[in-house]
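Inspection log for the structure reproduced underneath, given as structure tokens.
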Amino acid sequence: MMLRRGFILFLPRLVGLLVVACCLVSIVYMLACTPKSDSQQLALPRVHSPTAKEGYEAILQEREEQHRNYIISLKKQIAQLKAELQGRSEQLKNVQDQYPDPLDIQLDHSNPEKAQANLLAFLRSQIDKAEVHSGVKLSTEYAAVPFESFTLQKVYQLETGLTRHPEEKPVRKDKRDELIEVIELAVGSLNNPEGEGNAKHHVYTASDFVEGIYRTEKDKGTLYELTFKGDAKHQFKKIVLFRPFGPVMKVKNENVNMADTLINVIVPLAKRASKFRQFMQNFREMGIQQDGRIHLTVVYFGKEQMNEVKSILENTSRSANFKNFTFIQLNEEFSRGKGLDVGARFWKGNNVVLFFCDVDIYFTAEFLNSCRLNTQPGKKVFYPVLFSQYNPSIIYGHHDSIPPLEQQLIIKKETGFWRDFGFGMTCQYRSDFINIGGFDLDIKGWGGEDVHLYRKYLHSNLIVIRTPVRGLFHLWHEKQCLDELTPEQYKMCMQSKAMNEASHGQLGMLVFKQEIETHLHRQKLSSKKT
């Protein structure tokens, strides 16, 4: 009933609205259809008028004239657009000639002058492209390229990593030579100013250098701003230098066939049977099932838990129909370097890629291909930087909330770090390992042997590929630093142990745990009072 009464009340309003709408439509129609005034309306002759023929001819002639004028106007506009387009094309061509594209630069040795001119023009264009004379609009604060500062003795840097410090002497030869060259060039420029002829002036030396800043835009070059002492107090000389990057040049284009490239994974082991079981699950899935071009060599020290380890290996062999494994047992004290060295020399087949691995490592099939692609006999060895997992109990808060292993292997700053101080996981051809002299077998226990081998490769003519890889993980485990270690080994072990636990923020939460709990307790009490 209520709905019916409401509809009856609303019906008059609806009718009124419809009437108003019809009136508005009628008014609009009348306005649109009203004939134009005499001054606006084109006078058409009457059909029976004696001048009807002449009138129509006049109208047609007028219309034809209007169309002709319109066509002429369009042709003029088209001609103007063509001329403007041609002018813009010439401007663009001049700019391209002045600043050639890096992909178009051809270093034609038959015409060295032209090649040199093209290259110089490109290098000059790099200065204009870089943030040297003016700033560039950036989308976010993360897009800014920060400067690093330096003096004669130290470099102050933001991107430190774990093996570098906020303040350090430039250890790398390329960085040291780069900064020395820049300072010497700046001193030479100050002592030979342009436009002063033989006028006497202060002779500058490196001791007058105060400080400098520099930054690198990877696609353009490195900008240096150097400050020197001036002729008087509170006066300075500033030199701005730019090292432009040259055009990209093709060095090699080759097909790489890794179908028959076998990897021998060598694992030294003592006890730790439960960890070996977890390792074999990963090895079976990634190495046997997905990759299939793999051999496993286990070098076992002592006899404790040996039968359990052999049983795990044999069970995997039967269930996966895998025969490409070797088990070597040594009745002596564990030595990682000795185990890897024995495993490498035990191989009697053709030249093979050796992957030195630990039992607490997780690798993917993609990593095994990276291992192959970054090694070459007599040319290259591969030292991947693996991602080291933090203590899952700290990351996830409680044992019950720890997800399965595969879900833990995420590369984030909250879950782990790039282990750039470790050199234990490495891929190389057996021939290179033998030729370099293998491991230093005098080193016992944990640590040190991997660094010695790494230095041997650095001191050779082989190319050492050092890069972070997304498919190689160090799984967290509680680390025991034994009293038998030398002081240097014990220090290295404790540093590694500290790094393994958690990020700075997570460790800070543990340090201030009592304060946080007290604050939460006070908040709870105050909420109850209100």
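Figures for the structure shown
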{"read-out": "Residue 465, sole failed condition from (1) more than 14 Å from residue 394 (Cβ to Cβ); (2) open to solvent by 70 Å² or more (accessible area, probe 1.4 Å); (3) assigned by the TED database to the domain that holds residue 387", "value": "(2)"}
{"read-out": "Strands (runs of 3 or more DSSP E) wholly inside region 342-393 that include at least 3 residues being open to solvent by less than 10 Å² (accessible area, probe 1.4 Å) and assigned by the TED database to the domain that holds residue 293", "value": "353-356, 380-389"}
{"read-out": "Qualifying residue in region 247-263 (condition: touching a Ser or Thr at 6+ places or on another chain (Cβ under 8 Å) and open to solvent by less than 60 Å² (accessible area, probe 1.4 Å))", "value": "no"}
{"read-out": "Flag for residue 316 being touching a strand residue (DSSP E or B) at 6+ places or on another chain (Cβ under 7 Å), open to solvent by less than 70 Å² (accessible area, probe 1.4 Å) and of a type in the set (S, T, N, Q)", "value": "no"}
{"read-out": "Given (1) in a helix (DSSP H, G or I); (2) over 28 Å from residue 474 (Cβ atoms); (3) open to solvent by less than 60 Å² (accessible area, probe 1.4 Å), index of the condition residue 279 fails", "value": "(2)"}
{"read-out": "Number of positions in region 481-512 that are at pLDDT below 80, of a type outside the set (A, V, I, L, M, F, W, C) and either loosely packed, with under 13 Cβ neighbours inside 10 Å or not in a helix (DSSP H, G or I) (or both)", "value": "4"}
{"read-out": "Residue satisfying condition, being assigned by the TED database to the domain that holds residue 387, touching a Leu at 6+ places or on another chain (Cβ under 9 Å) and modelled with pLDDT of 90 or more, within set 452, 459, 474", "value": "474"}
{"read-out": "Residue 120 being at pLDDT below 80, hydrophobic (A, V, I, L, M, F, W, C) and over 21 Å from residue 212 (Cβ atoms)", "value": "no"}
{"read-out": "Matching residues in region 133-157 - criterion: being at pLDDT below 75 and under 24 Å from the mean Cα position of the chain (by Cα)", "value": "135, 136, 138, 140, 141, 142"}
{"read-out": "Lone qualifier among 233, 237 - being among the basic types (Lys, Arg), surrounded by 13 or more Cβ atoms within 10 Å (Cβ to Cβ), more than 15 Å from residue 359 (Cβ to Cβ) and not assigned by the TED database to the domain that holds residue 337", "value": "237"}
{"read-out": "Contacts under 8 angstrom Cβ, first residue in region 132-155 being closer than 16 Å to residue 175 by Cβ, partner open to solvent by less than 90 Å² (accessible area, probe 1.4 Å) and part of a loop (DSSP other than H, G, I, E, B), 6 or more apart", "value": "148/157; 150/170; 155/170"}
{"read-out": "Count of region 448-480 residues which are touching a residue at least 12 places away in the same chain (Cβ under 8 Å), assigned to a loop (DSSP other than H, G, I, E, B) and closer than 30 Å to residue 402 by Cα", "value": "4"}
{"read-out": "Exclusive hit being open to solvent by 80 Å² or more (accessible area, probe 1.4 Å) and over 16 Å from residue 156 (Cα atoms), set 203, 187, 182", "value": "203"}
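Results for (1) in a strand (DSSP E or B); (2) modelled with pLDDT of 95 or more; (3) among the acidic types (Asp, Glu), shown as yes or no for each residue.
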position	(1), (2), (3)
225	yes, no, yes
232	no, no, no
237	yes, no, no
248	no, no, no
258	no, no, no
265	yes, yes, no
268	yes, yes, no
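The values are calculated or read from the model by the stated rules, or taken from the named source; none is laboratory data. Everything quoted here is computed from the prediction, not taken from an experiment. A quick note on method: Cβ atoms are made from the backbone with ideal geometry, for glycine too, and the neighbour counts reach across all protein chains shown. Each accessible area value is taken on the protein alone, full model and side chains, heavy atoms only, with ligands, DNA and RNA left out. Shrake-Rupley method; radii C 1.70, N 1.55, O 1.52, S 1.80 Å.
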